[in-house]
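The next block holds one structure in the form of structure tokens; read it before the comments.
Bear in mind these aren't lab numbers, they're just calculated from the coordinates by the rules spelled out. Only a predicted model underlies this, so the values are computations on that prediction, with no experimental measurement involved. Heads up, the Cβs are rebuilt from the backbone with ideal geometry, glycines too, and the neighbour counts pull from every protein chain shown.
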Amino acid sequence: MWIESIVVLTNSEAEVEGANSPSSAIKLEKQDLTFSSIGDFLTYIKKCDDTKRHTLNNNQIQNIADYLQGLNQPRPGRKYTISGYETVEYLVQRPESIELLARPIGPVARGLNRFRIFRIPDTLTGLERERFIRKAYNTLDAVSQLQEHFNILKVWLVPNDEGDIIEGSDWSDTGTLRDYISINKGELDTDEINDICYGIAQGLIAAHQNSIIHRAVNPENILLYNGVPKLMNFDLAYQTDENHITVIEDIESLTDDGYIAPEVLLGQDIDESTDFFALGIIAYELFTGFRPFKKVRQFVADGGRLSELDLAKLREKHIPTKTIEVINSLVQADWCKRLKDVKRISDAFSGDETNMERPEATTLNAYLKPGDTYDIYEIIEFIGEGREAQIYKARNGRLETVALKLFNRDIERERIFREGDNTAAVKSAYVVGCNNTIGHWKDDRYFLILDYVQGESMRSWIKQQRVPDEETFRNIAMCLLQGIQAFHNHIDETGQIKTILHNDIKPDNIIITKDEKAVIIDFGIAGPPRVDVFQGTLAYIPPDSLSGADMKFSEDGDLFALGITLWEWLCGQRPYDQMTIGEKPCFSPDCLARVPINLQECLMKAITLERENRFLKVEDMIEAFSGIREVEKPDIPDTPDTQITAHELPETVEIPLSDAADQNPFVLYLNSLSNTSAGNENATAEAQIGNIFFPSIRVEHPASQFIYRQLFNEKKHVILTGNAGDGKTTIAAEVYRRHFGEYKPLLAREESSDLIMIKDLSELPEEQRTEIFSEAMEHPEKSYLIVSNTGTLIENLSKVQRGKGIEKSQLLTALEADHPLLVGGGKFLIVNIGRINSISAALSVGERMLEGENWQKCSSCSKSKDCPIHINVNLLQENIELVLERIGLAYRRLYEYGNRLTMRQMTGHLAYIITSGLNCEDVMAMSKIAMEEQYTRYLFFNRFFGDDGKDEIPEAMQLLPVRKIREAELGIYLDPFMERSIWKKQTGEMQFPENIIKVLKHIRGSSENSTNKTRIQVRRLLYFLLLPHDQGVNQYLSEFLQSPMLLTYLKHVEENKPFTRSQEDRHLRFLLQVLQECFAGVRLLEDEYRSRDLYITLKPPGYSTTQMILGKAHSEDFSLGMKNIYDTGEIKHRILTMRYQVDKAELELDLPFLDYVARRYRGEVAEELSVFYMDRLQRFKIKLLENLNNIPGDDHMELLSIAGSRSFEIISIKIDNDNLEVIM
């Protein structure tokens, strides 16, 4: 909606030309009018009233509102699967076509591919159908004529059984030229721009030489592959052939994108310069950062050539004159005047003032022949090739045999140099050697020299079905593990560990030598740990590393790939047909018979799909494989040739620690609760319940009492659902204990005369999952407790037989309700603990972890005085209430900002804070000096953040709470008042207990700490240990947590404290100011906005100082309140709300919005509100308008005038017959 501008000239003596007449303005429905007199304006208004208008009824308005609201919601994706690929992202979805990215599933291919699927609509007939098919095949036909060209994206036809036309091509992590421009706008250097434009020109020249005119050249239709531009999407291309059918049926349907040539838009004759017109615009945009015009039609209307001002902007960039002249000659509306000299166009972007020609790009990646030479290298024979390079056996000038890796032309130089650096950096007898010699074969393609390794690939062993004996297997496994260890523990030139990941461990990249040693090859995608666009081979990548088109590259990813590789080598096939969380590996009895039990255990751990259960550090995997010994193989009776799943294997035997007298087993237990090491076997509830130490940390979840009451007092069946790690199994075990007096690991189905308990619905056979709900309905005399993850629950509960099933919409409503809700005719109560924050329960577990009896053994340890674990525990025990409160505040800050942590994640984090990830053996290995000098780096206030005050600790980064805390940037900004007072004092002057003073002395006096590192550690220590009554503490906590309203918010929602009248008035004043800014689109001055009304205006696009008032709400009609977002009786979670006239309209006030309001009122916020909140405020505005009773009538209009001082004035306009009355 918008207000139109109407200009009224009031000088009666003025001679006006070109003004609108009232009649023609009405008849032609013109906009943005100019009238020559007030009389014409009033006549126009009167005629508007007299003209019959088609007004919308309430239903139509609601339909429009629902449609517009739906635009904010993601469109439901149409799923499409291409054989041999896994779909990761839909780029475009239309009824007739789909464009998607997919990963190849095969064991060799790696990287992403793009597919375009054209689905012929059934409604098309005759010529329309033929035209659609021709357009779908246009790119395939055009590219097939061009053969392989450096600057044309290769495509291929994908066969399918659906009758669809599928076009496949490679994809780039850079994306299209449009993506590249958006990311690097204004930051491209001249050489880079010239390379891109030169490449586009070469691609167009090649197309034109084959009588193909693209006609739709724009940044979206150019892929940047390793820095090389490649033309794609020839859908509108013009091709001369005998049976030509135009693919442009109606020129009016073409979009004026600012690149398409005028002759195409107008349906006129075209030639090769049609494409070069777009090249000129792209070049202009790359050099200046913006296009010379937005619409080609407007460019034509303005004269059809670049203005002097446009050319001046090119000159400002110090572009060579010849380049400016060519751009100017290309961007001409008249195609007859355009430059057509392709040599001159190429030279303009050659970047070489001497006009030396670049090498031709028509022949791609030709194979070298034996005897071919360059520099000191002679080719002996071709070995093989991959996606990016060819490998040759060669000899150098010293007649030494080497491997020469010759890269394809479109692989960018930086990428090749990076591979050379990484290959040369890793030194190991089990990693291919390289001295980082890189050459440029005949100035055409780069090559890298590697050591020549004589042997066979592990892949060839697998293809030949050669099975290694146990000794060979152990030797090769240890070679590979030591090779990977050299990657992960690489020492850089400064002496620091700088981890390098291989990222593509698989049988193809392992050479087995004649003396049965293994060598790792191919560093093509090696690099540091990171999150980046998917690369690698899908069959060897853990599924938890993938997120859409992105992938997490990590150390455990290399170890998982090695596990899959060793399994495939040993058993002849990979353990999973399709890797999805929860799937069990399968293998034949023959494979099982030749594998010792302890080797089974190592391999099973290496390939498990749950990250927390597999090897995370190479040292742990080496230790496990080093312990493999010959054991007596069990006699395995003859069995049918069936698959045996992993859960049939015996449990792992725990190996006791050495020097047990000085070990506290509780430390080992705490370390097993998180996923920072391989010893994480107690991270799941099933393992926890059976552990001897579990009773020492167990607390009763507040939901268990409520569920017990519903089962046995209210006689309701209860469905307990939530997220993985929320503690559902533990709650079920608590209910079992309450009823039977015994706490024990639960079976999949526990049954008694009055209770049926399903520990996890997904553990039941698939055919029994639906039946359990029908069974419960048929036995009301028993109580059923069914535990399930949300996805499994939705899938199975809605399948219950007709007449008994529960509608999916009803189930979703129950899952998102603000209290447990009955479904299925009142038979099942849905309790969703995913709606509950479990922070208080987790903190109670943390308190139990620190109980004295768990640490009695430490007091007798010979190193207890200096042990960082013991010092940490003592410090926490002496300040337990305060520290846990501050930990809870940090967790709550994350929760309110949308980062909900599960019970498992929080307890794992708390365990890590206590032990710092150390075990007793680590401490026993430390010298006394090391413990004295470095003990603060292990203390809780640093480990809470996953570092030592400055440097990240890699294993800590595996904990989700640590990553989320670091992302929230807690504690990175100083509080001048508090920190200045601390730094001005001597340590002895501070009012802290002696143990804290000791820590402060150590931090401030450590020579290892930089000033910034020291300040960070002191800031954190203060956060955890400042007493609540100290001056300025609340302000300090708020600044540390970057949430000015958190403490106030919790005081009301947690303690249920009502606002005083003065508090409510103050908060409402802040809120109404932000609402007014949003509704009017204007920034108001802090502390000066005092309006008693909230004006809802018809805001035009952009900024306007005068806006029509649709209604106004009086400030005294607003109030603050609270409502429950989840309520079980025992558990109450609330949220603040702002209400209009008690119940007419309600706005939820979550913490991020309240923080925004507080910062905005203090003048700290420069950024705009997010789309999410703007949408929420717009819906609140609509609700207000529906309930206002002061909306002006048809003869009365009020305008809101915003003065330069941002004060408001109301202008009232009344129309009475022919009289216009304006009241200021």
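Of Asp275, Asp1155, Asp577, Asp189, the sequence from fewest to most neighbouring Cβ atoms within 10 angstrom is Asp189, Asp577, Asp1155, Asp275. Each label point was placed 7 Å from the Cα along the Cα-to-Cβ direction; for Asp1143 and Glu456 their separation is 8.1 nm. Taking the Kirkwood radius as Rh and the Cα radius of gyration as Rg, the stretch 842-982 has a ratio of Rg/Rh equal to 0.97. Applying 1/(1 + (r/R0)^6) with R0 = 41 Å to the Cβ-Cβ distance of Gln1178 and Ile38 gives a FRET efficiency near 0.70. With an a/c value of 1.5 or above and a/b larger than b/c for the gyration tensor axes a ≥ b ≥ c computed over the alpha-carbon atoms, the stretch 692-841 is described as prolate. For Lys463, the lysines whose Cα comes closer than 20 Å to its Cα, not counting residues fewer than 8 places off in the same chain, are Lys506, Lys514, Lys517. Each peptide in 554-563, 454-463 gets a packing score, the mean of other Cβ atoms within 10 Å over its residues, and the list from highest to lowest is 554-563, 454-463.
When you restrict to C-alpha pairs under 8 Å that are six or more residues apart and normalise by the size of the stretch 85-348, the relative contact order lands at 15 percent.
The listed peptides 491-498, 427-434, ordered by packing as a protection proxy, come out as 427-434, 491-498 (highest mean of other Cβ atoms within 10 Å first). Across the stretch 365-452, Cα pairs under 8 Å and at least six residues apart give a relative contact order of 23 percent. Placing a pseudo-label 7 Å from each Cα along the Cα-to-Cβ vector at Asp1030 and Leu266 gives an inter-label distance of 7.7 nm.
What does the charge add up to near Leu1154, with Lys and Arg as +1, Asp and Glu as -1, over the other residues with Cβ less than 11 Å from its Cβ? Combined, the nearby Lys, Arg, Asp and Glu give -2.
Using 0.36 nm per residue and subtracting the Cα-Cα separation, the extra length available between His318 and Arg418 on full extension is 32.8 nm. Stretching the chain fully between Leu1185 and Thr472 yields a gain of 248.8 nm (0.36 nm per residue, less the alpha carbon separation).
Residue pairs exceeding 23 angstrom between C-alpha atoms, taken from Lys759/Lys1123; Lys405/Lys442; Lys744/Lys799: Lys759/Lys1123; Lys744/Lys799.
Of all lysines in the structure, the ones whose alpha carbon falls short of 22 Å from that of Lys322, not counting any fewer than 8 places away in one chain, are Lys313, Lys337, Lys340, Lys343. In terms of packing, defined here as the mean over residues of other Cβ atoms within 10 angstrom, the peptides 725-734, 1091-1100, 613-622 line up highest first as 725-734, 613-622, 1091-1100. The Cα atoms of the stretch 524-569 give a gyration tensor whose axes a ≥ b ≥ c have a/c of 1.5 or more with a/b greater than b/c, which makes the shape prolate. In units of the rule-of-thumb radius 2.2 N^0.38 Å, the stretch 85-348 shows an alpha carbon radius of gyration of 1.03. Neighbour counts of C-beta atoms inside 10 Å place Phe1180, Phe553 in the sequence Phe1180, Phe553, starting with the fewest. Counting neighbouring beta carbons within 10 Å and listing from fewest to most, the residues Asp410, Asp922 come out as Asp922, Asp410.
Averaging 1/r across all pairs of distinct Cα atoms in the stretch 377-442 and inverting the result yields a Kirkwood radius of 12.8 Å. Computed from the Cβ-Cβ distance with R0 of 30 Å, the FRET efficiency linking Arg94 to Lys337 stands at 0.20. Straightening the chain between Asp191 and Lys295 buys 34.6 nm, computed as 0.36 nm per residue apart minus the Cα-Cα spacing.
Looking at the stretch 702-835, the DSSP beta bridges with both ends there are about 30 percent antiparallel.
Calculated FRET efficiency, Glu1064 to Ile972, Cβ-Cβ distance, R0 = 30 Å: about 0.35 to the nearest 0.05.
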